[in-house]
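The values are calculated or read from the model by the stated rules, or taken from the named source; none is laboratory data. Source: prediction; values computed, not measured. Cβ placement follows ideal geometry from the backbone for every residue including glycine, while neighbour counts extend to all protein chains displayed.
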């Protein structure tokens, strides 16, 4: 069985090293092999002109949760890049704390597929995202 | 025929009013009815851990170009919200100036569809995006 | 609570009236409000040149399961048309019996969103599909 | 430069060998490296309950045009499988002759991306499709 602690630590380190994610205030809340939960406190600057959470914030949260979930599911020494990202916006988000739960659906030798739920503080589903990843081992 | 100047001015105002877009440094370069061109200078903070332009930046650029293109094609007093966003990442982007050209493919009474090319300074295609929008008139 | 029998009967009638689906041999196995299960016996004619189940068969199964699931979730007198269909092919399918489980994720006043799993006889996930639907009441 | 004749002949042979496509009546009209045009006469059996062309027919046409376009653009001895298919339905189709034009947008070492327009006899755009393909050489 995979010990979740090193996974959590590794993912937190990755986000800390990423200016893009750090500037958005994304935190890793939980991580096991194949599933990663993130959270972010949406600030006033991340709202759109209607005062709702910007779609780009929901997309980035889902995308990041999926990418990290794939990270937990591929072998060490494997790289993965996003080929395709899909976002379905289901409900407008109000400012406040949001979470994203990314799950790996399938990891193949060359391609991985993941999905994420983006939820508000009450657990209401705001967006569903899907992502396809090209997976490559160091010796490919 | 639509005079492009008021369109350009209105779109520039919209972006200026959006903290999210202003903080990314997105500018409107050109706009006619149905097609909008944006540009951004990618800063060091918008690169990922491999030093390439973050996928979220490409997605946001395409998304914004499509949304503004829809804006130019719907009647005044009409609102539009993104239902669905798709991004295909075709080539890794190097830091520098990027452009996005958003085009409306179809505006119906209730649904609009647009696409965008995200290009680097040499015109190389980095990503293709597509977006579906729910359109509503004020009296709907 | 919704009595599932009338739902099942109505969906079976819909498929029976559709030459397209009847010619593919698609059957409704189960249906409750918001979730519909279909099955099909893949014939030799529905394989591709490699002898695997044709991607179009997986796509059609998922699409049909989602459309019927939306049907169970909208009010009587409401019409729905597909705006957008997405299919992720996860594993090659061998000839034999396939099932598809379509689920409604969100039904709004104007837009509905559904997903489906397409599975082989052993319950192995072959494809995931997603669909966006424009919903209209008779008086819209 | 690539002589189009062998390409056309090879694609026609592929479709002729495919019971699935033959049963739909899909024909190859034109093919050059990177772009393939198909046509089909939609029969009464390919309409949905509203008497319109079934979405599955539009999806299959676009999917096939894209797959064959990728076929013309990869090296001999290379196989490609569909990873992901997206379909945006833009207008309802009336029975009659339909065409699909598939274009390769990018062929990489491992992944290819294509798009297709599905048009009616008057050239009106009914659907736009996109497809992602995993590409593998025989020795991979």
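Some points to look at:
- Output for region B:45-57, where each listed residue is more than 15 Å from the chain's Cα centre (by Cα) and under 20 Å from residue B:97 (Cβ atoms): B:45, B:46, B:47, B:48, B:50, B:51, B:52, B:53, B:54
- Complete set of residues in region B:42-61 that are closer than 18 Å to residue A:57 by Cβ and not in a loop (DSSP other than H, G, I, E, B): B:45, B:46, B:55, B:56, B:57, B:58, B:59, B:60, B:61
- All of (1) free of Cβ contacts under 8 Å to residues at least 12 places away in the same chain; (2) touching a helix residue (DSSP H, G or I) at 6+ places or on another chain (Cβ under 9 Å) hold for residue A:13 with one exception: (2).
- Positions within region C:15-64 being in contact with a strand residue (DSSP E or B) (Cβ under 9 Å, 6 or more places away or on another chain) and more than 25 Å from residue D:25 (Cα to Cα), in sequence order: C:28, C:29, C:30, C:31, C:33, C:34, C:35, C:36, C:37, C:38, C:39
- Whichever residue in region B:42-59 is closer than 23 Å to residue B:86 by Cβ and more than 7 Å from chain A (Cβ to nearest Cβ) and, among such residues, is surrounded by the most Cβ atoms within 10 Å (Cβ to Cβ): B:58
- Only residues that are buried (at least 21 other Cβ atoms within 10 Å of the Cβ), away from chain B (no Cβ under 14 Å) and at pLDDT below 95 were counted in region A:83-134, giving 0.
- Hey, residue C:70 touching a residue at least 12 places away in the same chain (Cβ under 8 Å) and in a helix (DSSP H, G or I) or not: yes
The rows are residues; the columns are (1) closer than 23 Å to residue A:131 by Cβ; (2) over 15 Å from the mean Cα position of the chain (by Cα).
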{"position": "B:43", "(1), (2)": "no, yes"}
{"position": "B:59", "(1), (2)": "yes, no"}
{"position": "B:64", "(1), (2)": "yes, no"}
{"position": "B:69", "(1), (2)": "no, no"}
{"position": "B:74", "(1), (2)": "no, yes"}
{"position": "B:77", "(1), (2)": "no, yes"}
{"position": "B:99", "(1), (2)": "no, no"}
{"position": "B:103", "(1), (2)": "no, no"}
{"position": "B:117", "(1), (2)": "yes, no"}
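- Within region A:12-38, being surrounded by 18 or more Cβ atoms within 10 Å (Cβ to Cβ) and away from every other protein chain (no Cβ under 14 Å) holds for A:28, A:31, A:35, A:36, A:37.
- Scan of region D:1-41 for residues that are closer than 18 Å to residue C:56 by Cα and part of a loop (DSSP other than H, G, I, E, B), ordered by number: D:17, D:18, D:25, D:26
- For residue C:64: the one exception among (1) assigned to a strand (DSSP E or B); (2) within 9 Å of chain D (Cβ to nearest Cβ); (3) surrounded by 23 or more Cβ atoms within 10 Å (Cβ to Cβ): (1)
- Residues of region B:73-115 classified as more than 22 Å from residue C:80 (Cβ to Cβ), in contact with a helix residue (DSSP H, G or I) (Cβ under 8 Å, 6 or more places away or on another chain) and without any contact (Cβ under 8 Å) to a residue 40 or more places away in the chain, total: 1
- Test: residue in region D:76-83 that is outside any helix (DSSP H, G or I) and at positive phi: yes
- Failed criterion for residue A:6 (all others in (1) surrounded by 15 or more Cβ atoms within 10 Å (Cβ to Cβ); (2) on the phi < 0 side of the Ramachandran plot hold): (1)
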